[in-house]
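These notes concern the structure reproduced below.
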Amino acid sequence: MTAIISIFLSQRIVWKQEDEYEPDVTILFDLDSRSKIIQLVIKNIGGSSAYDIKINWLLPMNDFRNDEIKLPYIPTLAKNECIRYFIGISTETFQNAKKENIELIYKGEILYKYKKNSKKYIRNHFEISLEHFRNKLRPITDEQAFYLENTHLNENLKRLVNSLERIEKLIEQKNENLFENSDKTNA
């Protein structure tokens, strides 16, 4: 009995190690890395390269021009490598979805191979959504927008300080002239 348990535990370790060395391609939305931009990210989070990657949409996704998104064929995706595709501007996408009462949920399947010359595809179904981003504050994006709007803040502060120094000198000169004129009239 202990031999059977030992064999089973050993086999589980082997299965786990095999899983760690297999590719695992996933798809997700990224709204944080670029301010106000929706990106579709295809990433290999597995332990080896994935080959001949294809994405089939069950519910098609449209881009900012309302054209159906057709992703190109991806010949290979190395371990931890990702590809990003521009989908649209987040504010416009959410406004259009609200106006047309569209749910921002997309379904499909990712097909890829473990080996380049293999004929067998691994098929993973997915469902991704933008719904949870719809009313969410995105502090990273908001912080990036703040920095973009204030990139010249340091230069503007220096100009403000210089202007204040000039005004201060003018006021001092006016005060000196005023005291000189008052001394002459009193004398």
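Given the rule -39500 (n - 2.57) for each run of at least 4 DSSP H residues, summed and divided by the residues of the chain, what is its mean residue ellipticity at 222 nm, to the nearest 500 deg cm²/dmol? Per the formula, -13500 deg cm²/dmol. Take the chain, connect every pair of alpha-carbon atoms lying under 10 Å apart with a spring to form a Gaussian network, then pick out the residue of T76, T151, T26 with the largest mean-square fluctuation. Greatest mean-square fluctuation among the candidates belongs to T151.
Using Cβ counts within 10 Å as a stand-in for footprinting exposure, how do V25, V161, V41 rank, fewest first? Ascending Cβ contact count within 10 Å gives the list V161, V41, V25. In terms of Cα to Cα distance under 21 Å, which lysines are near enough to K79, apart from those fewer than 8 places away along the same chain? Straight-distance partners of K79: K16, K43, K54, K113, K115, K116, K119, K120.
For Y147 and E176, compute 0.36 nm times the residue count separating them, minus their Cα-Cα distance, and round to one decimal in nm.
Extra length available between Y147 and E176 comes to 6.1 nm.
Just checking the listed ones, E149, E92, E172: in the Gaussian network model of the chain with Cα springs under 10 Å, the one fluctuating most is E172. Shown is the FRET efficiency for L157 and H132, computed with R0 = 35 Å from the Cβ-Cβ distance and rounded to the nearest 0.05: 0.35.
Values quoted throughout were computed directly from the atomic coordinates according to the rules given, and no laboratory measurement underlies them. Note that the structure is a prediction, hence the values are computed from the model and not measured. Reconstructed Cβ throughout: ideal geometry from the backbone, glycine too, with neighbour counts over all protein chains shown.
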